[in-house]
Amino acid sequence: MKDKKQITLLVTDSGLGGLSVCAGMAARFANDARYDRIQLVYFNAWPEQYKGYRHYPDPADRPKVFHNALAAMAKYNPDHIYIACNTLSVIYPFTRFAKKTGIPVTGIVDHGVQMIYNALTRDASACAVIFATPITIHENNHKTALVEQGIDPERIITQGCLNLAGKIERAPFSNEVKMLIDENAGQAAQKLKNKWDTVYAGLCCTHFGYCKNIFKNALARHTDRKVEILNPNEAMIDAACHKIIAGGAPQMSIDIVSKVSWEPSGIEAYDRLLSKVSPDVVDALKNYRLDRHLFSIELE
């Protein structure tokens, strides 16, 4: 009897933003002939019910908490960890886990940088707006990497969207989300130079991809320019699934774990967002495992 080909892939985010990455991967892997069995784990690294990473006043505490979450992820023996979160991706290099692990870990920031770089080198008459959380903007990894690769800093506009990810997490279809996106698009538009014909909107927070059409319409209205969306979530899915050999029907298990609870109304909203992508991921979300002791938040 031949050994079954198995793989365990773990996707993590602080909240439900990265679930779109998990759903995209599940949809692609459903037809992958390379494996007989695929285990997908979605690990919510949100630390406390009403306290995310930005609520730690000392930035040095954030990698300590995320290290604890990563140590708990390692217990699943994943073949690969995908950090489907820009904030956690910029925190990751500062964790003790990053310095000692033998598990391959991929952050989403590099995908966003590459998408923006490709767009701006392809179109000399364009600029890019990087929409992200305040932590991601403060760390400035995207812009720094792009400038190091030769992109004129004048062509890169950054917009930190305070509270937007949390609002999308809880109620992605709400008018409050639309208003916040419109407000941030307006602020970004004020920073634009007149010489750019096209604006590429880099949605550098995994939650923002759920509202990509709202971003596009708002930015186009405020800039009166052609707007194209760059969604790194899609690039991460492509990278994870690029070697697929079609024609298979592997057994697939999907587990979603969290140390904080989600409101039924929020789960219903993500059902609407993802059911056409992967009904199996939506079903797993409805049956997620709540574990208040999933990882420690002690600051060692």
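The values are calculated or read from the model by the stated rules, or taken from the named source; none is laboratory data. Note that the structure is predicted; figures quoted are calculated from it, not measured. Cβ: placed from backbone, ideal geometry, glycine included. Neighbour counts: every protein chain shown.
Which condition number does Val147 fail, the rest of (1) in contact with a His (Cβ under 6 Å, 6 or more places away or on another chain); (2) β-branched (Val, Ile, Thr); (3) farther than 17 Å from Ala188 by Cα being met?
(1)
May I ask you to list the residues in segment 113-141 that are more than 27 Å from Pro57 (Cβ to Cβ) and under 19 Å from the mean Cα position of the chain (by Cα)?
First, pick out the residues of segment 113-141 that are more than 27 Å from Pro57 (Cβ to Cβ): 113-129.
If the condition is that a residue be more than 27 Å from Pro57 (Cβ to Cβ) and under 19 Å from the mean Cα position of the chain (by Cα), then Val113, Gln114, Met115, Ile116, Tyr117, Ala128, Val129 are the ones that fit.
Conditions: (1) assigned by TED's automatic domain parsing to the domain that holds Ile38; (2) surrounded by 13 or more Cβ atoms within 10 Å (Cβ to Cβ). Ser296 meets all but one. Number of the miss?
(1)
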